[in-house]
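The values are calculated or read from the model by the stated rules, or taken from the named source; none is laboratory data. Just so you know, these numbers come straight off a predicted model, no measurement behind them. All Cβ positions, glycine included, derive from the backbone under ideal geometry; neighbour counts span all protein chains shown.
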Amino acid sequence: MSTVSENKTSLNDVPPGGAPPADPGRWRALALLGVLQFMLVLDITIVNVALPKIETSLGFTQSGLAWVVSAYVLMAGGFLLLGGRLADVFGRRRILLLGTGLFMLASAVCGAAVNPGMLVAGRFGQGLGEALAAPAALGLIALLFTDSKERTKALGIWGGLTGIGGITGYILSGIFTTYLSWRVIFYINVPVALMLLVVVPRIVTETRMIRDRSHRLDFTGALLATAGLIGIVYGLLEAASHAWGSTRVMVPLIAGIVLLVVTVVVESRSSEPLIPLQFFANRTRTVANVTALLFMAAFIPYSFLLTLFEQQVLGYSPLQSGLSYLPLGVAIGMGIGMSTGLTPKIGVKAISAVSFIGAGVGLFLTSMITPDSSYLGGLLPGMIILGFFAGATMPAMTNAALHNVTGQDSGLASGVQTTMQQVGSALGLATLVTLAVRIAGDRLADGIAPATAVTDGFVMSFRIGTVLLVLAGILVALLLERGVAAEPQPAEVHS
């Protein structure tokens, strides 16, 4: 296999108004970066089906068990923006390799965990590894593919892996948990990451912006934002078992909100903010990122709660529950294919608006479940519709999130988008899962049968998720610019 030598230059060396030549190894690079993305996204959902086994094995409390999921998405979401800027400044390939190595070590810690604290610490480490690797990888794609049509295809593949990787996590978790051990879901990352660490430097070229030594990186903003999000999510999760006015709920919620306000104040006064305010001056990018948050706030709780419904109400085994998501993955793939082909012809706006609302219809159908629902008649119709239209939103909105992004800020733009996805996942889980638990508790207190009470909680959460998806579609229809295509512009020349 031929290799591509490292290019120490950056887009800053491209003449103004020009475009860098296409990298001859771009498709091989995309294949490797796709493997990385698949592995990272997989670890958001792969633990879900295995949670009961993990709880028994390590002695988790039920409230503590939620952090096995939340630790990952919170750390990833909180530091992705910093990761994107680190990639822009120090080199996207270099930061990608650093993040991949950290992810590998943290995965080994998770697999070897002997107590709850060790596993949660490992999950925080995995999230930090993603925060470094994911924006660097997406930034590389935006720069490797200089032709707009090729870039649309590449970003479509990338966006599709986000959805398919999440669904595959449930299937693999069911298989590994049933036939091997829950520890395998973490150990499987080690050989994959090792392969990437060896092969990526031989295929992927280095790119970075020129950085003056006087520039600084905003670690303070990242720490404040992450701490604030952790406080809010902790408070919301505590509300599942404590009154809203209790100190266990209000103290972390108020502290989290205060920290986020402080973050905004600090960032507005910083000469080198984590996110320059002018980044959001582009209406299309702003809409794309807001809808990414709304989408994940509905989609991730859907899959989380549906898994609980299948195992706790319908009595599915872990393997049955994992395999039940296979049609969802197929539907997502079909939606991605349709969107990738039609977006260049009819535009991001039309595809996204219809797809968000269509996904809402699918989630609403799922909210019609009862304790006696069958898989074919009760779960599958909504799953297929939701999956198809959810898949259709992915490549289209990835293009919108990178609309008119300069080459030097491609890592930042991809970091903002992925941050919104992770923050949406964490807030959606904390809010909708808490809502489902509280409704079930109220129904049980009224003397309703347990299966019906639990189902009522899931139904209400699914319907709120429906509202979020429809709202995303309305925002796109009203606010997204026409003729959107992701075409990162050459970076400015710095003297």
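Whether any residue in the range 227-249 is modelled with pLDDT of 75 or more, crowded, with 17+ Cβ neighbours inside 10 Å and outside any helix (DSSP H, G or I) is what I want to check. Within the range 227-249, one or more residues are modelled with pLDDT of 75 or more, crowded, with 17+ Cβ neighbours inside 10 Å and outside any helix (DSSP H, G or I). Can you tell me which condition residue 272 does not meet? The list is (1) of a type outside the set (S, T, N, Q); (2) touching a His at 6+ places or on another chain (Cβ under 8 Å); (3) within 26 Å of residue 68 (Cα to Cα), and all the others hold. Among (1) of a type outside the set (S, T, N, Q); (2) touching a His at 6+ places or on another chain (Cβ under 8 Å); (3) within 26 Å of residue 68 (Cα to Cα), the lone unmet condition for residue 272 is (3). Has the range 340-353 got any residue that is under 19 Å from the mean Cα position of the chain (by Cα), buried (at least 22 other Cβ atoms within 10 Å of the Cβ) and in the same structural domain as residue 303 (by TED's automatic domain parsing)? Yes: the range 340-353 contains one or more residues that are under 19 Å from the mean Cα position of the chain (by Cα), buried (at least 22 other Cβ atoms within 10 Å of the Cβ) and in the same structural domain as residue 303 (by TED's automatic domain parsing). Looking across 287, 264, one residue alone is assigned to a helix (DSSP H, G or I), surrounded by fewer than 19 Cβ atoms within 10 Å (Cβ to Cβ) and β-branched (Val, Ile, Thr). It is 264. In the range 366-380, the qualifying residues are those that are part of a helix (DSSP H, G or I), among the aliphatic types (A, V, I, L, M) and surrounded by fewer than 20 Cβ atoms within 10 Å (Cβ to Cβ), and the one that is nearest to the chain's Cα centre (by Cα) is 380. On the stretch given as the range 66-125, residues that are within 30 Å of residue 26 (Cβ to Cβ) and of a type in the set (S, T, N, Q) total 2.
Would you please name the residue that is modelled with the highest pLDDT, looking only at residues in the range 196-226 that are farther than 30 Å from residue 426 by Cβ and in a helix (DSSP H, G or I)? The selected residue is 198. Only a single criterion out of (1) more than 26 Å from residue 287 (Cα to Cα); (2) hydrophobic (A, V, I, L, M, F, W, C); (3) in a helix (DSSP H, G or I) is not satisfied by residue 351, namely (1). Put simply, of 117, 83, 64 the only residue that is crowded, with 23+ Cβ neighbours inside 10 Å and either part of a helix (DSSP H, G or I) or at pLDDT below 80 (or both) is 83. Restricting attention to the range 403-415 and to residues that are over 9 Å from residue 139 (Cβ atoms) and either aromatic (Phe, Trp, Tyr) or in contact with a Lys or Arg (Cβ under 8 Å, 6 or more places away or on another chain) (or both), the residue that is modelled with the lowest pLDDT turns out to be 405.
Considering the range 271-290, and only residues there that are out of contact with any Lys or Arg (no Cβ under 9 Å at 6 or more places or on another chain) and among the small types (Gly, Ala, Ser), the residue that is modelled with the lowest pLDDT turns out to be 281.
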